[in-house]
């Protein structure tokens, strides 16, 4: 038996498909390794990047005061934020934003979407890991007091 009959009789087609697949997979893996080799060499030359990456991973769950942007709040925004503080007192420790929206709308808070955005960006309202949000009273006090002290400093300069 010769030719195609011998290939069919001894599972030659399956063997050739497996062989081609192994070779092709090896070439794909080799090309991926070569394409990412510059990153490994860069880490080898600059080990500080590895330390920075791990220290950044440790800090990712925490809101640091230096990372919170400073907002210049108007007196109206301060009053609206105080209204949000009163609304949050009526809720549980972990609350949903739609419920806070609803309470703000019922209470007649002006521009509650944009002011809630300020609360989120300044980390006064922060997400917990379960899909709800929490109120950080310490950050609220710091934000309000910092804004007052900034206002006093600006008035003294004038």
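By the beta-carbon count within 10 Å of each Cβ, the least crowded to most crowded order of 119, 43, 87, fewest first, is 43, 87, 119. Taking a ≥ b ≥ c as the square roots of the Cα gyration tensor eigenvalues, with a/c under 1.5 meaning rounded and otherwise prolate when a/b beats b/c, else oblate, which class fits region 12-59? Prolate, because a/c is 1.5 or more and a/b exceeds b/c.
None of the figures in this text is laboratory data; all of them are computed from the coordinates on show. Model, not experiment: these values are computed from the prediction. Virtual Cβ from ideal backbone geometry, glycine too; neighbours counted across all protein chains shown.
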